[in-house]
1. Which ³J(HN,Hα) values, rounded to whole Hz and listed in residue order, are derived for segment 105-112 from phi using the Karplus coefficients 6.51, -1.76 and 1.60 in 6.51 cos²θ - 1.76 cosθ + 1.60 with θ = phi - 60°, glycine and proline given as x?
2. Using amide H atoms built in the peptide plane, which far-off residues or other-chain residues are under 5 Å from GLY101 H to H?
3. Given axes a ≥ b ≥ c from the Cα gyration tensor, I'd like to know whether segment 192-311 is rounded (a/c under 1.5), prolate (a/b larger than b/c) or oblate.
4. Measuring from centroid to centroid over Cα atoms, what is the spacing of segment 48-77 and segment 112-137 in Å?
5. To the nearest 20 Debye, how big is the dipole of segment 192-311 about its Cα centre, given +1 on the beta carbon of each Lys and Arg and -1 on that of each Asp and Glu?
6. Could you rank the peptides 235-245, 80-90 by their average count of other C-beta atoms within 10 Å per residue, with the highest value first?
7. What spacing in nm lies between the two simple spin-label points modelled at ARG191 and THR313, each 7 Å away from Cα in the Cβ direction?
8. State, to one decimal in nm, how far the label point of ALA270 lies from the label point of ASN245, with both points 7 Å from Cα in the Cβ direction.
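Just so it is clear, none of the values below were taken in a lab; they were calculated from the coordinates. Just so we're clear, the structure is a prediction, and the values are computed from it rather than from any experiment. Please note: Cβ atoms are built from the backbone with ideal geometry, for glycine as well, and neighbour counts cover all protein chains shown.
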Amino acid sequence: MLALAAGLATPPAARANQSGQPGVPPNAAHGPDAATPPGGPVSITDDTGREVRLPHPARRIVALYGAFNELLAAMDLTDRIAARTAADQEPAAIRLLPVIGTHMRPSPEMVAAVAPDLVLQMEGRREAGEAVEGLRALGIPVAVFRVGSFDELFGVLRRVGALTGEPQRAAGLEAALRARLDAVAARVADRPRPTVFFEVRHPNLLAAGADSIVTDIIARAGGRNCVTAEGRVARLSEEELLRLNPDVYLLQRGPMNPEPEPPAARPHYAALAAVRAGRVRDVDEARYSRPGPRAVDAVEELARYLHPDVWGTTPAIPAPTGGQAAP
């Protein structure tokens with residue numbers, strides 16, 4: 001098994017852009033810069049403080065969290081994805097790849113069987129850490145990242161660019177995504193900021209906490225998360241929600257919250273300002289709770305909803321399609 005895990009596939013030939021991902025700059029530079037010569041060693045420090053060193057840029061990558069597949073696709077590196085977890089469907093090109101278990105409980109043997117030279121994982125629950133240690137025991141390099149804001153997302157992007165030997169592609173994508181965020185920021189800079197509640201799950205109410213990318217999405221869209229509890233998610237009582245009394249109520253739809261009851265139909269929720277004003281919207285879990293390139297789409301659509309007068313329209317937020325969320 002160790003020999004299998006250490007085996008390296010021949011790097012695939014470069015392909016034309018097939019990512020279909022928004023924000024990918026045209027004519028992005030395809031070659032590494034002088035600091036990362038073709039075939040030379042690369043290294044980064046991940047968000048657990050561990051140094052990840054590779055003898056050459058990664059060519060066969062297994063992402064145990066779907067947002068990293070979307071990041072690779074946005075860099076036009078879909079052809080380097082070697083396998084997927086059971087829940088991952090995006091980009092569409094990966095749907096025919098081998099499945100290696102779930103992102104919380106991947107099979108080390110199935111991962112090793114696709115001979116990756118790099119595995120990417122999101123920092124999260126204890127089970128995720130156990131999976132990482134199992135893979136490292138097989139000699140497979142694993143980088144673990146934490147993403148709770150756009151600044152952290154861009155930090156991950158730069159390090160993935162280093163590990164793949166594609167820092168120029170990473171820089172081009174970061175510039176394109178930052179430009180879109182800056183365009184929204186310029187429009188909402190002087191606008192009043194409504195308070196927003198983001199429902200992660202109901203019943204047993206969970207909300208997006210202060211350390212989630214949702215909080216950054218709301219802020220960049222010109223709102224303010226009314227939940228200030230630390231952590232990515234916060235458990236709230238009905239009494240606490242009524243005390244917060246948000247101006248806008250967002251409830252995600254997806255695997256974590258598949259069929260939420262409309263707030264207006266729940267006992268006592270009719271007292272909320274957001275419900276009384278009809279400022280309640282379903283949003284796509286894949287855009288809002290998955291910290292990847294599509295989070296920029298979430299900022300743009302939410303800004304238009306919170307501040308329609310700035311754009312001169314009252315557009316609907318796109319219908320949810322579901323997706324894997326952060327643990």
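1. 9, x, 8, x, 5, 5, 5, 4
2. ALA86, SER107
3. Rounded.
4. 12
5. Once rounded to the nearest 20, the dipole reads 100 debye.
6. Ranked from most to least packed, the peptides come out as 80-90, 235-245.
7. The modelled label-to-label distance comes out at 1.4 nm.
8. Between ALA270 and ASN245, the simple spin-label model gives 1.8 nm.
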